[in-house]
Amino acid sequence: MNLSKTMSAYFDYIDSYTKKAYDLSGLAREKGYDPEPKVEIPLAKDMAERVESLISVTAPQIKGSGVSERIKELEEKYSVLDWRIALTIAAEIADGKFVRFSSRHEAAEVGIRVGFAYLTLGTVSSPLEGFVKIKEMKRKDQKPYWAIFYSGPIRSAGGTAAAVSVILADHLRKKFGIEPYDPTPDEVERMVTELYDYHDRVTNLQYLPSEEEIRFLVKHLPLQIDGDPSERIEVSNHKDLPRIETNRIRNGACLVIGECLAQKAQKLLAQLNKWGKDFDLQNWEFLKEFAALQKKMKAKGTETKAKISPIYTYIQDLVAGRPVLTHPLRQGGFRLRYGRSRNSGYSSACLHPATTYLLNRYIAIGTQLKVERPGKATSLSCCDSIEGPIIKLKNQSVLHIEDAVQARQHADEVEEILFMGDILFNYGDFFNRAHPLAPAGYCEEWYALELEKAILDIFGSLDLGKAASLAKTDEAFLKKMLADPFYTKPDALTAIQWSVHLHVPLHPRYTYHWNNASLA
């Protein structure tokens, strides 16, 4: 890293005083007043060292074995946080490339922990406490299979990383020649019952899969998802099963099946489609069928010719008192707009400031909103260059509100909000979750591109002078319109002239919501 002398001196200062603090703390620990005789928190310069130090808590032999250096090599081959790095390092550790273990169980567990720790940046306890152990069980034909035990702290990993930990375990299962899990009908139904008992009697899951989704997953997973008992209450049915040690509810198993594997299936499938064959993971192709089933369940089985079906999950377990701003794909609700503003980003969407004001000023910057798509939730901010709401006043007139000043002027006269305005999501939120792109509304930036293309098609170049002359409009205004379509809008007559002479659609400012109008 090329640093200035001042910056280099600054980092050297931090390093030297950190070492002094550690030395002083070590001397204090040696006096024997603390439970541990040494400072437990290791120093780490980067993520790779953090991963190695974290797992050394349960596997001390990993420390200084070369794992962190190997992770850095793999990051150069792939890219930082690529799942293939976790799979590769887990397999190499399990094969004894760095250190020898007393058993293949220990080797596999440490391999999974290191791969899992890499996926979670070495900053959470999930690889140590969320993933508990591997237990070798007997299939009906007496061949061995693996049961993977999880516990409550798996929450801290996040749904994606926890789901990938199951793939890590399966990758090592195949390397060790262990047979896949063969669930019995009772074990399948036990998971259905237990997950719904956990949701109804313990705590609400963020994503509650349908019974059909749970059955499909348990039947097709090559590993048994298990866990130690976490609750005092027992499952309501399917008790005393030989291959499940407890009748009590296991929060780890419920979380991994419900909020991890089921919820993140599309994301897993998108990655495995790219490189799954390279890691002998073709057995996970069942996720394609699961994704189709999940789409059907989320749409409540409604038959529709539309490519995008309504998703009811986000209002399925509505808490009393929480407002519902709009129902799935409901006309008059929010219209999707693709893009990002300076104050939005990953899992952060924007509403028009007039919309937030007209909703009784209930929504503030940073408000958490459960959404229909692409993910489960977003944090809200405001953007005034997207389309604002349409309202009906008490005198029955209808207004399109374009700014917060206009919203304040008419706030006390509003009888009904006919259209909520745009909600701005960035494309990355859809791509990251492998969610199909939903149709967006016709908007100013789209219109500007079509206008530019029309001029190029007619004149062979972007000759704004000729275009302005043909369309009987001002050249300077046309140039400004193409440069800044968000805040430059033609009047109705100009928009019509452009449509007639340049053969472009009518400007979105004048393409009204006719499909939302009732014929009654």
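The values are calculated or read from the model by the stated rules, or taken from the named source; none is laboratory data. The model shown is predicted, which means the values in this text are computed figures rather than measured ones. Backbone-built Cβ (ideal geometry, glycine too); neighbour counts: all protein chains shown.
Out of S79, S65, S102, one residue alone is among the polar types (S, T, N, Q) and surrounded by 14 or more Cβ atoms within 10 Å (Cβ to Cβ). It is S65. Selection over segment 273-298 of residues that are free of Cβ contacts under 8 Å to residues at least 60 places away in the same chain and not charged (D, E, K, R) gives a count of 6. Return yes or no: is E231 at negative phi, part of a helix (DSSP H, G or I) and either of a type in the set (G, A, S) or modelled with pLDDT under 95 (or both)? Spelling it out, it is not the case that E231 is at negative phi, part of a helix (DSSP H, G or I) and either of a type in the set (G, A, S) or modelled with pLDDT under 95 (or both). Which of the residues spanning segment 473-494 are more than 16 Å from L506 (Cα to Cα) and not hydroxyl-bearing (S, T, Y)? Matches in segment 473-494: D474, E475, A476, F477, K479, K480, A483, D484. Residues that are of a type in the set (K, R), in contact with a helix residue (DSSP H, G or I) (Cβ under 9 Å, 6 or more places away or on another chain) and in a helix (DSSP H, G or I) within segment 5-60 comprise just one, R50. Filtering segment 229-254 to residues that are within 17 Å of V188 (Cβ to Cβ) and loosely packed, with under 15 Cβ neighbours inside 10 Å leaves S236, N237, K239, D240, P242. Looking at segment 388-433, what strands (runs of 3 or more DSSP E) fall wholly within it and have at least 3 residues that are over 30 Å from K376 (Cβ atoms) and modelled with pLDDT of 90 or more? The strands (runs of 3 or more DSSP E) meeting that bar are 398-400. Exactly one residue out of P374, P310, P328 is buried (at least 21 other Cβ atoms within 10 Å of the Cβ), modelled with pLDDT under 90 and not hydroxyl-bearing (S, T, Y), and it is P374.
The residues on offer are R337, R342, and the sole one that is touching an Asp or Glu at 6+ places or on another chain (Cβ under 7 Å), in the same structural domain as K392 (by TED's automatic domain parsing) and outside any helix (DSSP H, G or I) is R337.
Looking at segment 347-369, is at least one residue closer than 24 Å to N515 by Cβ, polar (S, T, N, Q) and out of contact with any Cys (no Cβ under 8 Å at 6 or more places or on another chain)? Yes, segment 347-369 contains a residue that is closer than 24 Å to N515 by Cβ, polar (S, T, N, Q) and out of contact with any Cys (no Cβ under 8 Å at 6 or more places or on another chain). Among the numbered conditions (1) touching a residue at least 24 places away in the same chain (Cβ under 8 Å); (2) closer than 23 Å to P153 by Cα; (3) surrounded by 18 or more Cβ atoms within 10 Å (Cβ to Cβ); (4) under 27 Å from the mean Cα position of the chain (by Cα), the only one that V202 does not meet is (3). When G111 is tested against (1) crowded, with 16+ Cβ neighbours inside 10 Å; (2) more than 27 Å from N251 (Cα to Cα), just one condition goes unmet, and that condition is (2).
For the criterion of being among the acidic types (D, E) and within 27 Å of V132 (Cα to Cα), E73 fails.
Just one of the listed residues (K133, K140) is surrounded by fewer than 18 Cβ atoms within 10 Å (Cβ to Cβ), in a loop (DSSP other than H, G, I, E, B) and in contact (Cβ under 8 Å) with a residue 24 or more places away in the chain, and it is K140.
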